[in-house]
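What follows is calculated from the coordinates using simple rules that are stated; it is not laboratory data. Predicted model, so just to flag it, every value in this text is computed and none were measured. Virtual Cβ from ideal backbone geometry, glycine too; neighbours counted across all protein chains shown.
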Amino acid sequence: MGNEITDNAPRGRYEIRVDGDLAGFAEYETQPGQVVITHTEVDPAFEGRGVGGALARGLLDDLRAKGVSVVPRCPFIRTWIDKHPDYADLVAA
């Protein structure tokens, strides 16, 4: 399974494609120095295959590289960060 995660900035979302097919996305809003993640969705055809986790990891790695903080308003992303404390430093105070 080949995953590709991209920042579709014009649509305000990170997208994950699996073997070229759109499998899910995480919507966000930008604010100075931080990104507010508002909603995450995985296509039902891809559920149970780790797509949501791969999307979370990919977008958080990208935001870390960009040097911005994260406000995880989306319950999925908030829970994912809670389960992966190595990403807790990204959460805005």
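Annotations
- Exposed loop sites here are trypsin sites (Lys or Arg not before Pro) assigned a DSSP state other than H, G, I, E or B and surrounded by at most 15 other beta carbons within 10 Å; excluding them, the longest clear run of the chain is 1-48.
- Between 0 and 90 degrees, the angle of helix 51-66 with respect to the longest Cα principal axis of the chain falls at about 40 degrees.
- Normalising the average separation of contacting C-alpha pairs (under 8 angstrom, six or more residues apart) by the number of residues puts the relative contact order of the stretch 29-93 at 40 percent.
- Scattering curve values for the stretch 3-90, log₁₀ I(q)/I(0), Debye with Cα scatterers, q = 0.13, 0.20, 0.22, 0.26 Å⁻¹: -0.36, -0.88, -1.07, -1.47
- DSSP bridge pairs, the chain: antiparallel proportion in percent, nearest 5: 80
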